[in-house]
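The values are calculated or read from the model by the stated rules, or taken from the named source; none is laboratory data. Small disclaimer: the values here were computed from a predicted structure and weren't measured. Glycine gets a Cβ as well: all are built from the backbone with ideal geometry, and neighbour counts include every protein chain shown. Accessible surface is based on the protein model in full, side chains and every heavy atom, while ligands, DNA and RNA are left aside. Shrake-Rupley method; radii C 1.70, N 1.55, O 1.52, S 1.80 Å.
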Amino acid sequence: MSPSAADLCRFVDASPTPFHVVATAAAELERAGFARLSEEQAWPREAGAYYVVRGGSLVAWRTPGEGGPSAGFRVVGGHTDSPNLRLKQHHDASRQDLGVLALEPYGGPILSTWLDRDLTIAGRLVTRDGAEHLVDAGRPVVRVPNLAIHLDRDQAGAPDRQRHLDGLWSIEPAAFLPWLATESGVDPAAVVGFDLMTADTLPSGPVGAHDDFVAAPRLDNQATCFAGLRALVEAEPAAHGQLLALFDHEEVGSTSERGAQSDLLSTVLERIVLAAGGGREEYHRMIAASVCASGDMAHATHPNHVERHEPLHRITLGGGPVLKVNQNLRYATDGRGTAAFAEACERAEVPLQRYVHRADLPCGSTIGPLSAARTGMLTVDVGAPQLAMHSARELMAAADVDLYVRALEAFLGE
Ligand code: ZN
């Protein structure tokens, strides 16, 4: 497997939840010399490389090299969350004298793919003192078994979201939260809140005669988190600022204190301008001079379902990053944004594919139009091609990892 595909696998395996994505990214940023800032403290006037964390979201940046507080930014966006099964508040549902964990879907997972999988439980515990504890059982602890085919001969339809997704975790009824807290070194009596979810424990890895593919959970959209992070860390400092914005909650509409519809990105940008000695005028000039490449994974043309794809816009696995265009603004891309990203791909000598959804199928959306509307920044929606989006195990070409990193790095550079 190529070095960058192997690095992507390590990134994904270290990041079972959005909170872990942020922690994994923060550790890499620290290694690269980025300093963590607190939203509650005053920010330094000095130019440099910084990042902030808001729950499952993270923004990291390198301040502009010249041009003062009104200098524009090159921004790469992405999202940290992926569809999965999450714990209900009252989740200890003993049935048939077994320890059963009550789960419900987050976002739009392909439900059948979550059955018969060895799942860990990960996320964060919050104690009475307000402290957050990142946790991961780190091994298979839950499994949602299928119904035997002999009891379901007609095999009709997807599992029922309320009745068929609870997981088995103990041979006898037991309380799950105290067990997880104890395993994680947290006092069970102090835990008063939690955000916990399932994640596949099978390591990510290569598939194919020549390790052609990467099979992994959460490629949508951790492949973008990985590529954007790598691009930011490796990009040469430029006259303009360089910024990476990774948002939580894309899979459920982005409306939260830290989603793409929140003030997170605009607040960070405004504070960067203020710290550099600018005011509202400089902030608006900075926005007008900035461009955002919003990254989210794209649908490669499925060899078994070619008829589901727009025939003039075939997307090839291994064919390079994808420009996403939708006339009804499910994607933010327009001609100007296209030019900015296409020019970066040319500079990086990376091929660019252009995706258009079939006009007779409803098109999914992403954070691009939302953050564009929130900030007023020119935005282009891009991604890397993959198959099986929202499956518990997704698939992309190993070659696309490096092409995606190179395109985003060129976009951030000059
Ligand atoms: Zn996505």
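Values for this structure:
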quantity: Some residue of the stretch 211-228 being among the aromatic types (F, W, Y) and in contact with a His (Cβ under 6 Å, 6 or more places away or on another chain); calculated: no
quantity: Considering residues of the stretch 238-265 that are part of a helix (DSSP H, G or I) and open to solvent by 20 Å² or more (accessible area, probe 1.4 Å) only, the residue farthest from the ligand (Cβ to nearest atom); calculated: V252
quantity: Cross-chain or 6+ apart pairs with Cβ under 7 Å, the stretch 25-43 first and in the same structural domain as F247 (by TED's automatic domain parsing) and within 13 Å of R54 (Cα to Cα), then modelled with pLDDT of 95 or more and part of a loop (DSSP other than H, G, I, E, B); calculated: L37/W43
quantity: Residue list for the stretch 293-320, restricted to those being away from the ligand (no atom under 16 Å from the Cβ), of a type outside the set (S, T, Y) and surrounded by 15 or more Cβ atoms within 10 Å (Cβ to Cβ); calculated: H309, E310, H313, L317, G318, G319, G320
quantity: Qualifying residue in the stretch 273-284 (condition: more than 16 Å from the ligand (Cβ to nearest atom), in the same structural domain as E409 (by TED's automatic domain parsing) and buried (at least 23 other Cβ atoms within 10 Å of the Cβ)); calculated: yes
quantity: Test: residue in the stretch 63-74 that is modelled with pLDDT of 95 or more and open to solvent by 60 Å² or more (accessible area, probe 1.4 Å); calculated: no
quantity: Total residues in the stretch 198-237, condition away from the ligand (no atom under 16 Å from the Cβ) and in contact with a Gly (Cβ under 6 Å, 6 or more places away or on another chain); calculated: 3
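So that you can scan it fast, the table gives a plain yes or no per residue for (1) hydroxyl-bearing (S, T, Y); (2) closer than 23 Å to A189 by Cα; (3) open to solvent by 70 Å² or more (accessible area, probe 1.4 Å):
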| site | (1), (2), (3) |
| --- | --- |
| G130 | no, yes, no |
| H133 | no, yes, no |
| A137 | no, yes, no |
| V141 | no, yes, no |
| A148 | no, no, no |
| D154 | no, no, yes |
| A158 | no, no, yes |
| H164 | no, no, yes |
